[in-house]
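A.B. asks: Sharing a structure, written as structure tokens. Questions coming.
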Amino acid sequence: MKLDQTKITVLVLPLALLGACAAGPDYVRPAVEAPAAFKEGWKQAEPRDREERGRWWEVFSDPLLNSLQAQVDISNQTLVRAEAQFRQAAALVDSARAGYFPSIGGGLSTTRSRASASTTAQPSAVPVSRGVATNYNLSFNASWEADVWGRIGRTVEASVAGAQASGADLEAARLSAHAQLAQSYFQLRALDAQRQLLDDTIAAFEKSLQLTQNRYAAGVAAKADVVQAQTQLKTTQAQAIDTGISRAQLEHAIALLVGKAPSELSIARAPLAARPPSIPAGLPSELLERRPDIAAAERRAAAANAQIGIAKAAYFPSFTIAAATGYQSASMAQWFTAPSRFWSIGPALALSLLDGGLRRSQSDQAIAAYDASVAAYRQTVLTAFAEVEDNLAALRILEQEAQVQDEAVKSARLSLELTLNQYKAGTVSYLNVTAAQATALANERTAVDILNRRLAASVLLIKALGGGWSNASLRLPQ
């Protein structure tokens, strides 16, 4: 029988051309309402094309922080896991694209068989031979499904969007790890500043204790003054020791962020030298391009939209072309001869006629999942706006608070100096001195805490703005 190529071409070509008519809706990015400007205003964006946008932590000008941040990209295990998940998602894209191409297989076999002696032959048939038979078989087969209704195309579309979302997740995890490290580092440095302040205060209190002891020995001060001075000194020493707990825990947390065991990292004490940098917030609409978590949420909406097309395509028949060829013989000598050759080719249509509402429920499920992903995307955008506003407000208010607190520190220092002089002159009791000392120390510690909060708000604002990332740099599987 001769294969009629014309008939097959006439049948296949129109169906293949229908592949452009993909089932389900084409994706359109969900609309979100972005405000014209941030409520807090802050500073307008300025062209900074020469700046390194990726290493945003360098604006704090801390060499040790820069060194620790460099280790995050190399050794942080959370990022290693996220990168592996991205590679997994990219491999799923290649798996989905394989559906565009025919599958080809082959087989080589030889079998020996003997018919059962108890087999009953047909009445009119010649008695069946019960001897041993040998069959040799070499076959090649191929099959190809025409993507008539766009099921494969939608599957690829969903896989690509999912891989893009995974890539954005990786960048979001990277941004989070860098921001967490910066916050922990500045908090550790704030504890170093607190410890230095307490150590300086302890030295001053030791001098005050010596002063009261000398005055007591001279008979011009009461024993109560000595006891008060000792109490003040020991209390402050206990506070200095207590800072070691939080510092050790922060050092351990930093070690985990850079991918090391806590025993492998030790950070020497140093003053808190960093100051909050000037951070232009830009426009709210820029967050849609600059935040990786927004990009991930939007890509998941695109993937969910493609799943609707996959579900809709199940309503239509699938069209497959299968072909097979090879050699089959009962004799090895005649195995690869022309009479032993066989072949087959033909199209097939398959359609589910009754499924108990399965396809409808799958379609409804896909639509509901898309609606949920759109809501998640919009919520992510709103959360991003709120985070930027929160930290802009925090920076504005904390800057004002720092200015007032600096005045309070100066006043507390002056009050302590005057009160101590009055005590030496015998015009006030030592209780006034201890009160002035406690007030001065509290204001000094509050000033350090405000600086730490300002640095934390700066880091969180950079994170809320996307850390200089852009979805234009999102790695797309090819």
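Throughout, read-outs are computed from the coordinates displayed, never taken from laboratory work. Please read all numbers here as calculations on a predicted model, not as lab measurements. Cβ atoms come from the backbone with ideal geometry, glycine included; neighbour counts cover every protein chain shown.
A.B. asks: In the stretch 138-154, which residues have a backbone nitrogen under 16 Å from the label point lying 7 Å from GLN334's Cα in the Cα-to-Cβ direction?
C.D. replies: Counting backbone N atoms under 16 Å from the label point, the list is 138.
A.B. asks: What is the pair-distance distribution P(r) of the chain, computed from all Cα-Cα distances in 10 Å bins starting at 0, with each bin given as a whole percent?
C.D. replies: 4, 13, 16, 15, 13, 11, 9, 7, 5, 4, 2, 2, 1, 0
A.B. asks: Quick one: helix 358-425 against the long Cα principal axis of the chain, what's the angle to the nearest 10°, folded into 0 to 90?
C.D. replies: 10 degrees
A.B. asks: So if R0 is 41 Å, what FRET efficiency would ALA472 and ALA372 give, r being the distance between their Cβ atoms, rounded to the nearest 0.05?
C.D. replies: In this case the efficiency is close to 0.90.
A.B. asks: Averaged across orientations, what area in nm² does the convex hull of the alpha carbons in the stretch 333-426 project?
C.D. replies: 22.1 nm²
A.B. asks: Work out, step by step, the length gained on full extension between GLN237 and ARG360: first 0.36 nm times the residue separation, then minus their alpha carbon distance; give nm to one decimal.
C.D. replies: 37.0 nm
A.B. asks: What is the distance in Å between the Cα centroid of the stretch 250-307 and that of the stretch 161-213?
C.D. replies: Here the answer is 16 Å between Cα centres.
A.B. asks: Next up: Placing +1 on the Cβ of each Lys and Arg and -1 on the Cβ of each Asp and Glu in the chain, which of GLY54, LEU420, LEU283 has its Cα farthest towards the positive end of the resulting dipole?
C.D. replies: Farthest towards the positive end: GLY54.
A.B. asks: Once fully extended, how much extra length lies between VAL132 and ALA37, figured as 0.36 nm per residue of separation less the alpha-carbon to alpha-carbon distance?
C.D. replies: Stretched out fully, the VAL132 to ALA37 stretch lengthens by 25.4 nm.
A.B. asks: Translational diffusion coefficient of the stretch 371-465 at 25 °C, 0.890 mPa s, Stokes-Einstein with Kirkwood Rh over Cα pairs, in µm²/s as a whole number.
C.D. replies: The Stokes-Einstein estimate is 151 µm²/s.
A.B. asks: How far is helix 223-257 tilted, in degrees, relative to the longest principal axis of the Cα atoms in the chain, given as a value from 0 to 90 rounded to the nearest 10?
C.D. replies: With rounding to tens, the tilt is 20 degrees.
A.B. asks: Below 17 Å Cα-Cα, how many Lys pairs turn up in the chain? Only count pairs eight or more apart in sequence, or on different chains, if you could.
C.D. replies: Going through the chain pair by pair, I get 6.
A.B. asks: In whole Å, what is the distance between the alpha-carbon centres of the stretch 85-113 and the stretch 227-241?
C.D. replies: Each part's Cα centre sits 75 Å from the other's.
A.B. asks: Could you work out how far helix 77-97 tilts from the main Cα principal axis of the chain, as a 0 to 90 degree angle to the nearest 10?
C.D. replies: Value to nearest ten degrees: 20.
A.B. asks: Another one. For the chain, what does the helix formula give at 222 nm: sum of -39500 (n - 2.57) over DSSP H segments with n ≥ 4, over the residue count, nearest 500 deg cm²/dmol?
C.D. replies: Here the helix-only value at 222 nm equals -21000 deg cm²/dmol.
A.B. asks: Same structure again: Taking R0 as 30 Å, what's the FRET efficiency between SER113 and ALA348 from their Cβ-Cβ distance, rounded to 0.05?
C.D. replies: Working from the Cβ atoms, E equals 0.50.
A.B. asks: Quote to one decimal, in nm, the extra length available between SER103 and ILE267 on full extension: 0.36 nm per residue of separation minus the C-alpha distance between them.
C.D. replies: 53.2 nm
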